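Any read-out appearing in this document is the output of simple, stated calculations on the displayed coordinates, not a laboratory observation. These numbers come from a predicted model, not from an experiment. With ideal geometry, Cβ positions are generated from the backbone for all residues, glycine too; neighbour counts draw on all protein chains shown.
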Amino acid sequence: MTQQQIVPVDTDVPELVTFARTVEGLIAQGLDEQTLTSAIQAELTATLAAGFDLPAGTTEPDPDRYVMYPLHVARDGSFSIASAVWNVGQGTPVHGHETWGVVGIYSGVEVETRYEKPAAPDVPLVEQGTDDWGAGEVTVCCTTDDDVHQVRCGGDQPVVGIHVYGADIGTLPRRSYDPETGAVHWFTSTWAHRPSDAEGAR
Ligand SMILES: [Fe+2]
């Protein structure tokens, strides 16, 4: 699978401009993924606690599938920030990210089941546990060596999360898994365009 072209996005939410600059500075320090994601987790926790408004059109669920709206995509593809929206009843397959990631809940409840990243192909996945994440909570969802989970909407309203990844997650080839067999399918998440965009295609 060839990687698609990165299209940079600059957030116009002042609080996220500041957050994105902080993430940029942390990445520039060349920290290991554990240290980097802990620092981003702390920054995102503080950003959510201080409060901000996401742009219109980046919190809306899609009736057919979960959606990821690009809030910020670094020019060099070193990181991206998404508003990820799961409608009531929606969830993902078991999947990996092939990079680091930090997820903070903006509104609603996300239910996450984690799995050990398989060391060998075609073996059943080993479940590590399930957590509920509510508004204001921030979790390190992944480092490259430990990045497999399944997430779904909990509760009776859509869940909106701020997802920060160490790549342009809308163009990065990554794996989904059949947890029963370990069978792998490679996929790329596509960015949802904001409804206000001229071309509505995904
Ligand atoms: Fe994920």
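Derived scalar couplings between HN and Hα for region 135-145 equal 3, x, 7, 10, 10, 7, 7, 6, 10, 4, 8 Hz in order, rounded to whole Hz, by the Karplus curve 6.51 cos²θ - 1.76 cosθ + 1.60 (θ = phi - 60°), x for Gly and Pro.
Mind listing P(r) for region 109-202? All alpha-carbon pairs, 10 Å bins, whole percents. Reading upward from the zero bin: 13, 38, 37, 11, 1. Dipole of the chain computed with +1 at Lys/Arg Cβ and -1 at Asp/Glu Cβ about the Cα centre; of A84, G161, L172, farthest Cα towards the positive end is L172.
Dipole size of region 92-202 about its Cα centre, with +1 on Lys/Arg Cβ and -1 on Asp/Glu Cβ: approximately 300 debye, rounded to the nearest 20. Think of the chain as a dipole: +1 on every Lys or Arg Cβ, -1 on every Asp or Glu Cβ, centred on the Cα centre; then among T11, I40, G96, T11 lies furthest on the positive end. Ordering H97, H193 from the fewest to the most neighbouring beta carbons within 10 Å gives H193, H97.
Shown is the FRET efficiency for D12 and A135, computed with R0 = 25 Å from the Cβ-Cβ distance and rounded to the nearest 0.05: 0.65.
Helical runs assigned H by DSSP (4 residues or longer) give the chain a calculated mean residue ellipticity at 222 nm of -5500 deg cm²/dmol, each run adding -39500 (n - 2.57) before division by the residue total. Model label points for D156 and T45, set 7 angstrom from Cα along the Cα-to-Cβ axis, are 3.1 nm apart.
Determine the distance separating the Cα centre of region 34-103 from the Cα centre of region 19-33; give it in Å without decimals. Between the Cα centre of region 34-103 and that of region 19-33, the gap is 17 Å. If R0 is 25 Å, the Cβ-Cβ spacing of D53 and F187 corresponds to a FRET efficiency of close to 0.20. Only the Cβ atoms of Lys and Arg (+1) and of Asp and Glu (-1) were treated as charged; on that basis the dipole of region 14-187 about its Cα centre amounts to roughly 320 debye. Taking the fewest neighbouring Cβ atoms within 10 Å as the starting point, the ordered list for V67, V126, V94 is V126, V94, V67. Each listed q (0.14, 0.15 Å⁻¹) maps to a log10 I(q)/I(0) for region 14-187, found by the Debye formula over equal Cα scatterers with no solvent: -0.72, -0.83. Cβ crowding within 10 Å, taken as a proxy for footprinting-reagent exposure, orders D168, D145 from fewest neighbours to most as D145, D168.
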